[in-house]
Amino acid sequence: MDSATRLRDLIVVAGRLITLVTEETRRLEAYKTDEIASLHDEKARLTRLYAGLVRDLKRDPELLSAADKAVREELTDVLHRFGAAADANAKALELAREANERVMRAIVEAASAQQNAVAGYSRAGVAATPSRTQVSRPLSISVNQRL
């Protein structure tokens, strides 16, 4: 395979990754995190292809110098766009992670507020006991064990 073909393959793969990562970022920003999993397999496949092509380019830098100027400029452009898309995606992922952590903390705090912890002693010097309304009520659950 000649150098121009390998570089064009890298350009195509990077371009497809840009599209995919941009879509993932759009879904994150729209709080449609449940729709992100459908992108995972294609993203993983393209990432492996991209890594292999970049590895080949690093092993044989003459591939880049042997290509004509237009191909090198197109590769430079697509790699810059890919870097920008990846940065935006990383930022959106971090913001989504932080939002999820805030929600989880709020849930934990709400659950903790529901628990009635009795501490200390009564006026008579004995351990305080919870009032009738503070005593935990039994909870009955049923688990469906069929697959």
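Since every read-out is calculated from the coordinates, none of them should be taken as a lab result. None of the values given here were measured: they were computed from a predicted structure. As a convention, Cβ positions derive from the backbone with ideal geometry for all residues, glycine included, and neighbour counts pool all protein chains shown.
Here are some notes:
- 13 Å beta-carbon shell around L57, net charge (K/R +1, D/E -1): +2
- 18 Å cut-off, amide nitrogen to a point 7 angstrom out along K58 Cα→Cβ, residues in region 1-32: 7, 10-11, 14
- Candidate lysines - alpha carbon under 24 Å from K58, same-chain residues fewer than 8 apart omitted: K43, K69
- Ranking L7, L63, A85 by Cα position along the charge dipole of region 3-113, where only Lys, Arg, Asp and Glu carry charges on their C-beta atoms, puts L63 farthest toward the positive end.
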